[in-house]
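In what follows, a structure is listed as structure tokens, so that the remarks can point back to it.
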Amino acid sequence: MRRGRLSARLGLGFWLATGWILLVLLAALLADVLPLARYDETLAGPPRSGPSPAHPFGTDGLGRDVLSRVVHGARVSLGVGLGAVLLGLAIGAPLGLLAGYRRKAADAVIMALNDVAQAFPALVFALAVVAFAGANLRNVIIVLGVLGVPSWVRLVRGSTLTYAGREFVLAARVLGARDRRILWREVVPNVAVPASSYAFIGMAVVIVAEGSLAFLGLSVQAPTPTWGGLINEGRTIMEDAPNVVLAPSVVMFLTVLSFNLVGDRLRALTDVREIGLEPVRQAVAAVPAPTAPHPVRDCLLQAEDVRTHFVTPRGLVKAVDGVSFTLERGRTLAVVGESGSGKSMLIRSILGLLPGTAVRGGTVYLSGDDLTARSPAEMRSVLGPRLGTVFQDPMTALNPVRTIGAQVTEPLRVHLRMGRRQAREEAVRLLASVGIPDPARTLRRYPHQLSGGMRQRVTIAMALSCGPDVLFADEPTTALDVTIQDQVLRLLHRLREERDMAVVLVSHDLSVVARWADEVIVMYAGRVVERGPAAEVFGRPRMPYTEALLQAAPRLTDPAHHRLRVISGRPPDLADLPAGCAFRARCAYAGDRCATEPPPLTEVEGRAYACWHPLPSTETSLEGTHVDGR
Ligand SMILES: Nc1ncnc2c1ncn2[C@@H]1O[C@H](COP(=O)(O)OP(=O)(O)OP(=O)(O)O)[C@@H](O)[C@H]1O
């Protein structure tokens, strides 16, 4: 964001308010050296005099300079504000982080106590403590600081919940980062942004609260002047000398307004764009139903009867229900299907990164090693070094407040134990290998300074940093411009060849994957409904759903005004699947049997499809997409 645009977005009010705060702060800091009369000195002139060049705010009932008293009062107000905000932050932030990140029991206990604390009448508490312990600066700071804790807990917990569910946290997890590291490196820097804007609003709240206590005589005691105390003192002579009340009131009003305005503008500027990502927690290792042991095949990746179920108030949602496939080195498997068919959940099941409410079943073998038998801690040595992941939206997959260099070097330092310098050199090499011009300069930049295509190249470089055997690319081009999509897929293909990896490419757009996949599995309502070599599945679909997906895919040779055929009807409710074939209600070929018996996935000559009325095996090519040509 350029400076000019930032300044315009903040607005004139923000800059005026900042100027006022700086002025009050400077005046408070330099109160002793400013050419002002002493705040407690009775001057020779008449008391209660109005504003004059010598005393711009006039004098009070005892003939003391009001300006000097207001300036010294600023010390107390700002001092209490700063002290109380820092104290509230120091207690509230760790509790909020713990509740938002750990959730479950920690969240329940902390938030229950927080609700109780928030329900306690603040003024009664303040009056009681100050009256009992004594009205002095330290006690006022402690009371107001403690009273601010519940608000800090709520704010920090809310932000932590939001950021802990963002894709860059999932990306860090996929790269095998530990919880503590994720919290400090990924969550805390982002939570600090709304926290700093709230600190300004907190200052305004505390200044008003201190003013109220001072007005009641329960803040710092005379002779030290405070704004609330000055207003209280001037109350009785308001009719003769309104300046005595007006001066501290106006200064206090402008200061509170300025802190609120600055806090509010900062909040609006840094507001989190809700992207609607699911929370990511480790899967509960409970299996929906006992599964028979599967033969371990001699291949790189083997998924056997993978299931991901969610227990929801509406019933059991079978997001993934018995998916099996094998994948060899140097091959690309495309997982295709409409939105909500279970593609992402399948990938997350394989990686062992699922929402806390998910229940996982089935087995995943990586070179014969059972990944589902591993604990989350044991999975860390696999995520990153052996399984890499590229996500849909590179903007959310990268941490916005850390440089590209910090993010690309992190897996190298954590997993490969490289020193700072070596990791930097390797990062330059990695960025160059994914086609980023001037990689050394790119390392110093932030995600928002790069284009979408360049950002996705960075996430690909990160996923490849530890040399994984399998690269999962979950809709890697959906958030990108059409012209960039092909470049990114071409890059993935080149890297697969160079590194002899396997690639799992998830997409709902068949025309995107048709060109680059060797094998394809078509998913519908959490199940595989067709599987086989990409050229054959796309050339001669046997399952009517695959045919419908192909007809809904845009083709490069389509005339400009060609209308795409959409798949009629809606995907079924996963919590209430119909009897028989789940695609029946939307299928033009459905018969009686489809309504009663679910079609099994039948293997015929290297192809598999789940349909009672398969399409004839005649060629219906996907025009304009080159299934085999690269
Ligand atoms: N936390 C959750 N609780 C309950 N159900 C969920 C949860 N997360 C996902 N689901 C269910 O899982 C289904 C599959 O979701 P998934 O994200 O895998 O679909 P997808 O095929 O990847 O879709 P898209 O292309 O839109 O990303 C969804 O339709 C939804 O009903």
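The values are calculated or read from the model by the stated rules, or taken from the named source; none is laboratory data. Source: prediction; values computed, not measured. Positions of Cβ are backbone-derived with ideal geometry, glycine not excepted, and every protein chain shown enters the neighbour counts.
Worth pointing out:
- Test for H294: is it within 10 Å of the ligand (Cβ to nearest atom) and either assigned to a loop (DSSP other than H, G, I, E, B) or at pLDDT 85 or above (or both): no
- Any chance R402 is in the same structural domain as A610 (by TED's automatic domain parsing), touching a residue at least 40 places away in the same chain (Cβ under 8 Å) and either within 30 Å of A535 (Cβ to Cβ) or away from the ligand (no atom under 14 Å from the Cβ) (or both): no
- The set of residues from segment 195-239 being outside any helix (DSSP H, G or I) and of a type in the set (D, E, K, R) comprises just one member, E239.
- Any hit, segment 484-505, residues being in contact with a helix residue (DSSP H, G or I) (Cβ under 6 Å, 6 or more places away or on another chain) and farther than 28 Å from D305 by Cβ: yes
- Meeting the requirement of 3 or more residues that are under 34 Å from the mean Cα position of the chain (by Cα), the helices (runs of 4 or more DSSP H) wholly within segment 51-157 are 66-102, 104-119.
- Within segment 235-269, the set of residues being within 23 Å of S196 (Cα to Cα) and either among the small types (G, A, S) or at pLDDT below 90 (or both) comprises S258, G263, D264, R265, L266, R267, A268, L269.
- Within segment 440-467, the residues that satisfy the criterion of being surrounded by fewer than 22 Cβ atoms within 10 Å (Cβ to Cβ) and more than 21 Å from the chain's Cα centre (by Cα) are A440, R441, L443, R444, L464, C466, G467.
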